[in-house]
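This report refers to the structure that appears directly beneath it.
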């Protein structure tokens, strides 16, 4: 496998940036990222409430951070890690189509239903190492904004990051998914293993 | 035993629980560190190596920064071995474990995960109705208490599977179910981790045993040689699936496979799978009848 490495700053303004990324590539992220989770997206899409943050060109992180409250609307990080993405796959298309989100980062991957909307809308899925929160916390420089505090910890968070990663492109904007490929190969392998039992 | 002494002993158990919960979250056991380093040494896929090297770096950062290894503080699960002459009733031991869990959550502070299962409203500092969860074992002719804290993250717990195989499915049916479960779970439970399997008993007991299995020191083998052989075989088969670290493809899908079993009904053949992520956290304490507490990294 040829693997390229990239450094990308979010939010992006040029859609070409996403098209340069290929499944399996290594990516390090700079700039600003948005923390989002199950209840945050249920509020946006199922309850129809507009998010009070601009998501155009954004990088979304599936997280519910551990934080310490400093004052009104101000928090400092304690431990920030990433949750399983698959639960939230149905929000992929509207996030891209309605709000212009360009990257979603989580752990464990998206099932195949994410491949087509990501291809059509020019979006990418980044795989992070689930559970590697101690490291991830050091790469988040500051919690700059928080909205919907009543959903704590599933609020809408804005983090400033430095050298966030390494991430792996799990699904690219060209219809390729590492998760699809790994599952297809594993199911073939299972036939062989079952025959040996 | 006087009321004062009982109260002191309850406080000792509460202190132990509060310490164990945080300790387990920050400092993962040496056997797990060794298993992860060995996995990084034998993984050949590029994304798999990237994942395992990041995991090793993360463990170092957690040590250096005195931070949690993983942000998911889980649900607090304790396993208790209670001596018949330990001078504190299990009803009070439970109170102490609950109070210790709450205190650790507030004082650290730790993220509070506990919610009402229907309303989804937060129920407090990682405690609630029937939370924390305690597994009990009672030991004759002994006056001590062993407590093990196993914070269980949701990513791996969501990848739990039960099948009521029939006797005609045999051991082959058990193996197939374990293989299809771990392939189906893919990257979601944060592989490579420990696959806990419970076989026999009843539906509920099989899952209970699977949870006991994930709490064992890594690579330990069942005392029954027939079961130990099945552990070895499944461990090998699971690593042939190619799911790899974080489901991105590779040689290391699981760090090990542990099985606990119980005898069962002649027409039952239940098999339960409970996954423990690579951050397989556990921490133990031995508490003597006078409240003297000895913490144990390796148990």
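Side notes on the structure shown:
- Residue ranges of helices (runs of 4 or more DSSP H) in the range B:153-255 with at least 2 members surrounded by 24 or more Cβ atoms within 10 Å (Cβ to Cβ): B:154-157, B:170-185, B:203-214
- The set of residues in the range B:53-83 being more than 9 Å from chain A (Cβ to nearest Cβ) and either in contact with a helix residue (DSSP H, G or I) (Cβ under 9 Å, 6 or more places away or on another chain) or within 18 Å of residue B:149 (Cβ to Cβ) (or both) consists of B:56, B:66, B:74, B:75, B:76, B:77, B:78, B:79, B:80, B:81, B:82.
- Out of A:48, A:31, A:96, sole residue that is surrounded by fewer than 18 Cβ atoms within 10 Å (Cβ to Cβ), away from every other protein chain (no Cβ under 14 Å) and not in a loop (DSSP other than H, G, I, E, B): A:31
- Residue within the range B:122-132 that is within 17 Å of residue B:13 (Cα to Cα) and buried (at least 22 other Cβ atoms within 10 Å of the Cβ) present: yes
- Only a single criterion out of (1) in contact (Cβ under 8 Å) with a residue 24 or more places away in the chain; (2) within 14 Å of chain A (Cβ to nearest Cβ) is not satisfied by residue B:242, namely (1).
- Filter result for residue B:93 (away from chain A (no Cβ under 14 Å), at pLDDT 95 or above and within 21 Å of residue B:194 (Cα to Cα)): no
- Inside the range B:6-33, residues that are closer than 17 Å to residue B:58 by Cα, free of Cβ contacts under 8 Å to residues at least 60 places away in the same chain and surrounded by fewer than 18 Cβ atoms within 10 Å (Cβ to Cβ) make up a count of 1.
- Restricting attention to the range B:287-297, the residues being surrounded by fewer than 24 Cβ atoms within 10 Å (Cβ to Cβ), part of a strand (DSSP E or B) and touching a helix residue (DSSP H, G or I) at 6+ places or on another chain (Cβ under 9 Å) number 2.
- Close contacts from the range B:108-125, counting a first residue that is outside the structural domain of residue B:17 (by TED's automatic domain parsing) and a second that is loosely packed, with under 15 Cβ neighbours inside 10 Å, with Cβ to Cβ under 7 Å and a gap of 6+ residues or different chains, come to none at all.
- Scanning the range A:165-197 for residues that are part of a helix (DSSP H, G or I) and modelled with pLDDT under 95 gives a single hit, A:196.
- Pick from the range A:130-151, criterion facing chain B (nearest Cβ under 8 Å) and without any contact (Cβ under 8 Å) to a residue 40 or more places away in the chain, ranking: farthest from residue B:189 (Cα to Cα): A:138
- Of everything in the range A:172-197 that is within 16 Å of residue B:245 (Cα to Cα) and more than 8 Å from chain B (Cβ to nearest Cβ), the residue that is farthest from the chain's Cα centre (by Cα) is A:180.
- Taken over the range A:9-21, the residue count meeting the criterion of being buried (at least 17 other Cβ atoms within 10 Å of the Cβ) and more than 14 Å from the chain's Cα centre (by Cα) is 3.
The values are calculated or read from the model by the stated rules, or taken from the named source; none is laboratory data. This structure is a prediction, so every number in the text was calculated from the model and none was measured. We place every Cβ from the backbone using ideal geometry, glycine too, and count neighbours over all the protein chains shown.
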